[in-house]
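The values are calculated or read from the model by the stated rules, or taken from the named source; none is laboratory data. Owing to the predicted nature of the structure, the values given are computational and were not obtained by experimental measurement. Because the Cβ atoms are built from the backbone with ideal geometry, glycine has one as well, and the counts that use them run over all protein chains shown. Accessible surface areas use protein heavy atoms only, side chains included; no ligands, DNA or RNA. Shrake-Rupley method; radii C 1.70, N 1.55, O 1.52, S 1.80 Å.
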Amino acid sequence: MRLGLDFDGDVLAGRSPRVGLVVAHPGWRRDLERAFVSAGCRVVELGHAEALRCRTGIDVLVSDAEAAPRVLGIDRSVKDRLAVWAPVDDGTPSASSAEAWELLPMPFSVADLERSLERVLVPARAAVGVLDPVLVSRDPGVEATLLRARRLAERDLDLVVEGELGVGRRALARATHDWSPRAGGPFVPLDRVELAAAEAGEAVDLIEQAWSEVGEGTLLAIEPSEWTTPAQRALASMLRRGKGARVVTIVSQPLDAAVDRGRLARELADRLDVSRVRLPALRARPADHRALCEAIARRVARRLGCETPILDDATITAWAEEGFPGNLLGIESRVRAAMLQEEVAAAVPGPALAVRRHVDETESLDLKRLERDTIVRALAHWQGNRTRASESLGISVRTLRNKIREYGLR
């Protein structure tokens, strides 16, 4: 089990989310614990009685079918389900509070669990106003961009976030949702891979389902110029009906340029293009280079179960001279490959790694890691265009989509 979530230590007031597990089955408990730890959470195993007394220090509690009725005070209809909830007020959930808990019928997918965790963590994130590390910056231009994005979000305006792959576009989209009057409501992304291959009827169904799910929340449109014409028309039709959800769009190129190339319907571009901000590439943020590289190294080390490596000045300077291809994803790929090459052990604190030029990454002997890194490079080369990346990799768009989900690259 692998979660696509990625918390990096200061999501909640300077710390990782703490997940309390009340799961009797040892296999399920091990799998869930491994998944939460790899996603950057701290796991605390609790007994049923401890869960009932839980008041503070736990951000999310995950209960199995046996514990859920006692913890949530609901009937035994939760059999064969997993309960996910966040303590509110004094820490005691209420079955009458729909926002306090969710039930997942078994078997459930990793994506289902991920969405539940995201939803129950929204209030805690919004309360402390913590930014994703990629958005924490000392660069005046980035700070000005974030300030403008926040003001637009507080005015509840639709927004287009421009920038290359790996610069934090999705993180900023999520932050604007938390800054907006809709914070705490649904945040629903439209899968650009599905919409790039969907036939007319399927595209309309996908758009309508997302529109129904989002309600008065925020809808995230990812690279609409890559969608099929029916999908673009379906979203334009929804927007034409009147204001419902707030729409945030993330693109690698301006919408006008996509219209000029015949890739995007003019009506949809005009309806989406209410206000804009642009996030710069990492190469344009010299003041943030070290902090971002170290944050990524910590993230990779945590996933591999190793101590955080030391990144010397020469390494970061070499990456800067290359222009940081792939931005954050590119750095993550290099650090991971270097750590696998060096066979870094968790018992060795803070080893210095020879993470230099981009070409050195190909020597990794871990096939899964090599495959993931190859996909990252292809996506970075084509600026996130999955259709072109899949063609260059010699695989179908559907296969690429599945690999992206498998490796948590969304």
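A few remarks follow.
- Summarised in one figure, the compactness ratio Rg/Rh of segment 175-225, Cα atoms and Kirkwood Rh, is 1.03.
- Under 5 Å from the amide H of residue 265 lies no amide H of any residue 5 or more positions distant or on a separate chain, with H modelled from the backbone and absent for Pro and chain starts.
- Stokes-Einstein D in µm²/s, Kirkwood radius over Cα pairs - segment 263-305 at 4 °C with 1.567 mPa s viscosity: 94 µm²/s
- Phi to ³J(HN,Hα) by Karplus 6.51 cos²θ - 1.76 cosθ + 1.60 over segment 236-248, Hz, x for Gly, Pro: 4, 5, 4, 5, 5, 6, x, 5, x, 6, 7, 10, 10
- Fully extended contour minus Cα-Cα distance, from residue 391 to residue 312, at 0.36 nm per residue: 24.8 nm
- Carbon plus sulfur fraction of accessible area for segment 192-286, probe 1.4 Å, in percent: 46 percent
- Between amide H atoms placed 1.01 Å from N, distances below 5 Å from residue 18 occur with 42, 59, 60, all of them 5 or more places distant or on a separate chain.
- Largest-first principal axis extents, alpha carbons of segment 236-333, Å: 54, 29, 21
- Whole-Hz ³J(HN,Hα) from phi, Karplus 6.51 cos²θ - 1.76 cosθ + 1.60, for segment 19-29, glycine and proline x: 10, x, 9, 10, 10, 6, 5, x, x, 4, 4
- Computed from the alpha carbon positions, the gyration tensor of segment 188-278 leads to an equivalent ellipsoid with semi-axes of 18, 16, 12 Å, biggest first.
- Cβ-based net charge around residue 151, under 15 Å, with every Lys or Arg adding one and every Asp or Glu removing one: 0
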